[in-house]
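See structure below.
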Amino acid sequence: MNIQEYDILDSLFDTSYVTQRVLSENTGYSLGLVNRSVKALQQNGFIDERLKPTLKAVQEMQEKAPRNAVILAAGFGMRMVPINMETPKGLLEVNGEPLIERLIRQLREAGIEEIHIVVGFMKEYYEYLIDEYGVDLIVNAEYLAKNNLHSLKLALESLSNTYILPCDLWCAENPFRRREWYAWYMVSDEIDGESDVRVNRKRELVSLTEKSGGAINGNDGKRNDISRNAKNENTLMGNKMIGICYLPEEQASIVRERIRQMSRDSRYDAAFWEEALYRKDRMIVPARVVRAETVVEINTYEQLRELDGHSNQLKSDAIEVIAKALHARPEDVRDISVLKKGMTNRSFLFQCGEKRCIMRIPGEGTDRLINRAEEAAVYRALEGKDLCDEVVLIDPENGYKITEYLEGARVCDPKKEADLKQCMEKLREFHEMGLTVAHEFDLFRQIAFYESLWEGRPSVFKDYERTKENVYSLRPYIEAHAERKVLTHIDAVPDNFLFVKDETGKEKVRLIDWEYAGMQDPHVDLAMFCIYALYRKEEVDRLIDLYFVEGCPEETRTKTYCYLAVCGLLWSNWCEYKRSLGVEFGEYSLRQYRYAKDYYRIAWERIQQNAIPYQEKGVLQRKHEK
């Protein structure tokens, strides 16, 4: 039976008397197509001569009918800043009703009682749904590191005659039905430049981007790039993807197997579950097209404001802070867009009046890592020095910070020598100012502090204690050769050097993100730049040479190698703490630990070359193995 025949059969279940002309009007199909479909249904025993559904039709209906639903609600909802720190997306309220409760109610109206919800971010906020609606909560512990393909994997055993849907939809009309005859994926009639698919004349969903190949998608065995590749220069317009899908057993069995395979491949960690629907350049399910106004996906603060200007979630503390700082009304804050998630904070860009600004919201666990009063003191020391971005507001209590957006700015390219020369010139200019604050960033004290945040858990690295002992053995050499302590950035990494054009078109360098800054040997900043850029030794030496244009003394080079080891251990410990909060940094954390080990050896070998005169100074206290 084809889709048209199923649609006509479905219409016949709703009427006691009907003509083919009425069927044409009800289904939108031509009279000729209706006539052919009716004949096929009669020949196959699904309707009788009076156009009444037969027992065979009833059995077909029962076989294909929806049994359950899986709601995907584990994600962080990055684009919902600034309210994603306060409320998970599924619990945003429209007209006083949480989105997920409306979806549950609509599912139950369609007879769906078995509802599984995959949760992750703020999972505890969804717990009440178990008692109020009898739902089943499935916890995705990897929600920060992996996309929703892995959420759906956790519900595979329930995937059969199933609705799959995201939690962030508001449906004006109930999209769920007691009768479903075939698989479909819902798209809007709205044309969208960000969509991956378009509906063709056969109601097929055709990909606008090159999809993954190989055995998983049933192609010829050659593997293409995974996930959604960039579209070509002439951006294609497609139908906006809604995210609701219905999978009867026939297609559900295919999707179950594909997700099992894909979830074992790390290249699919960032994949959406819809990747499992593709065979070559199109989905294995047809489109169900709905009017744009009937289903709204709420991805941003402004989409929520547009749908319900009185929603309780619009009363965001961050928006109130912006309005007060810029002497504006909350509704004047517009064009909100999330910026790239940082390792410590989350930031978003916004327009208010004539100003474009960035607001920083501290990330998870930041209150234990950073003293915001000390950070505010740093910005006071920098005021008027032409070193950083323009600060509109910095709150020493909660860490909120508003800065003016630097139009056209770009970050330093750590592989581009011209960029490095300018950055090192600016860094040295800053160091030579000799600015002071009342607090110090003590490297070894911070190593111990981050370790204390593990709360008794051992390091994930088997040889951590030995590595730590080796790194600490470099401390006497560092203290013997440390420069006069001045205000040091500490986090002087390539991403924190911004190139901005002045009125004449010449690029100037600005240093941003001073939250770790404090009194320290300024050469620590060189080490920090190198380890974040993941430099090899020859690149480290080149950066040192660019900073010390007059030539770097050998003792200072050795000391900088010591700092590479110390800072590597420092940030490795920091990563271990953040991992305990569910934040994973992948290669970065592994490489930091390698810096601690590798540069201990490099520094120690250089120290050994001058061991006798150095020992005579009474600084070196013990022998070490190479």
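The values are calculated or read from the model by the stated rules, or taken from the named source; none is laboratory data. No experiment lies behind these values; they were computed from the predicted model shown. Every residue, glycine among them, receives a Cβ derived from its backbone with ideal geometry; neighbour counts consider all protein chains shown. Just so you know, the surface numbers come from the protein's heavy atoms only, side chains and all, with ligands and any DNA or RNA stripped out. Shrake-Rupley method; radii C 1.70, N 1.55, O 1.52, S 1.80 Å.
Label the stretch 1-73 by shape, choosing from rounded, prolate and oblate, from the square roots a ≥ b ≥ c of the eigenvalues of the Cα gyration tensor; if a/c is under 1.5 it is rounded, and otherwise prolate applies when a/b is larger than b/c, oblate when it is not.
Numbers: a/c = 2.15, a/b = 1.56, b/c = 1.38.
Here the stretch 1-73 falls in the prolate category.
How far, in nm, would the chain grow between R475 and E407 when pulled straight, counting 0.36 nm per residue and subtracting the alpha carbon separation? Please report the intermediate quantities before stating the final value.
Details: separation 68, 0.36 × 68 = 24.48 nm, distance 4.27 nm.
Additional length available on full extension: 20.2 nm.
Give me the percent of accessible area attributable to carbon and sulfur for the stretch 64-222, probe 1.4 angstrom.
Details: 2750 of 6190 Å².
Carbon with sulfur: 44 percent of the solvent-accessible area.
Is the stretch 423-568 rounded, prolate or oblate when judged by the Cα gyration tensor, a ≥ b ≥ c being the square roots of its eigenvalues, rounded requiring a/c under 1.5 and prolate requiring a/b larger than b/c? Write out the running numbers ahead of the final one.
On the way: a/c = 1.78, a/b = 1.57, b/c = 1.13.
Judged from the Cα gyration tensor, the stretch 423-568 comes out prolate (a/c at least 1.5, a/b above b/c).
So if I take the centroid of the Cα atoms in the stretch 364-432 and the same for the stretch 35-87, what is the distance between those two points in Å?
Taking the Cα centre of each part, the stretch 364-432 and the stretch 35-87 sit 54 Å apart.
Using a ≥ b ≥ c from the Cα gyration tensor of the stretch 63-160 (square roots of the eigenvalues), is it rounded, prolate or oblate, where a/c under 1.5 gives rounded and otherwise the larger of a/b and b/c decides, a/b for prolate?
Oblate, because a/c is 1.5 or more while a/b does not exceed b/c.
Charges only on Cβ, +1 for Lys and Arg, -1 for Asp and Glu: so what's the dipole of the stretch 334-424 about the Cα centre, in debye to the nearest 20?
Working: 16 positive and 17 negative charges, 68 e Å.
Here the size comes out at about 320 debye.
For the stretch 1-101, which chymotrypsin sites (Phe, Trp or Tyr not before Pro) are in a loop by DSSP, counting at most 16 other Cβ atoms within 10 Å? All intermediate terms of the calculation are to be shown ahead of the outcome.
Values: sites: Y6, F13, Y17, Y29, F46, F76; in loops: F13, Y17, Y29, F46, F76.
Sparse-neighbourhood loop chymotrypsin sites (Phe, Trp or Tyr not before Pro): F13, Y17.
Taking a probe of 1.4 Å, how large is the accessible area per residue of the chain, in Å²? The partial results should precede the final answer.
Working: 28780 Å² over 626 residues.
Result: 46 Å² of accessible area for each residue.
R0 = 51 Å: FRET efficiency of Q609 with V391, Cβ-based, nearest 0.05? List each step's numbers first, then the result.
Numbers: r = 46 Å, r/R0 = 0.91.
The formula returns an efficiency of 0.65 here.
Looking at the stretch 506-565, which trypsin sites (Lys or Arg not before Pro) are in a loop (DSSP not H, G, I, E or B) and have at most 11 other Cβ atoms within 10 Å? Before the final figure, lay out each step's value.
On the way: sites: K506, K508, R510, R536, K537, R542, R557, K559; in loops: K506, R536.
Sites meeting the loop and neighbour criteria: K506, R536.
Rounded to the nearest percent, how much of the accessible area of the stretch 379-518 (1.4 Å probe, protein heavy atoms only) is carbon and sulfur?
It is 46 percent, rounded to a whole number.
What are the principal axis extents of the Cα atoms in the stretch 536-606, in Å, biggest first?
That works out to 45, 23, 15 Å along the principal axes.
Per-residue HN-Hα couplings for the stretch 353-358, Karplus 6.51 cos²θ - 1.76 cosθ + 1.60 at θ = phi - 60°, whole Hz, x for Gly and Pro?
For the stretch 353-358, the Karplus-derived couplings read x, 8, 9, 10, 9, 10 Hz, x marking Gly and Pro.
Structure shown: which of K146/K559; K123/K153; K153/K415; K146/K315; K421/K537; K426/K578 lie over 28 Å apart, alpha-carbon to alpha-carbon?
On the way: K146/K559 40 Å; K123/K153 18 Å; K153/K415 40 Å; K146/K315 30 Å; K421/K537 18 Å; K426/K578 31 Å.
In this structure, K146/K559; K153/K415; K146/K315; K426/K578 exceed 28 Å between Cα atoms.
By DSSP, what percent of the beta bridges with both residues in the chain are antiparallel, rounded to the nearest 5?
On the way: 50 of 71 bridges.
Approximately 70 percent, going by the DSSP bridge assignments.
Just checking my list [x] 37, 28, 23; [y] 55, 38, 26; [z] 58, 27, 22 against semi-axes √(5λ) of the Cα gyration tensor in Å computed from this structure; which label fits?
[z]
Given a Förster distance of 45 Å, report the FRET efficiency between E417 and Y128 from their Cβ-Cβ distance, rounded to the nearest 0.05. Display every interim value, and only then the final one.
Values: r = 58 Å, r/R0 = 1.28.
Given R0 = 45 Å and the Cβ-Cβ separation, E is 0.20.
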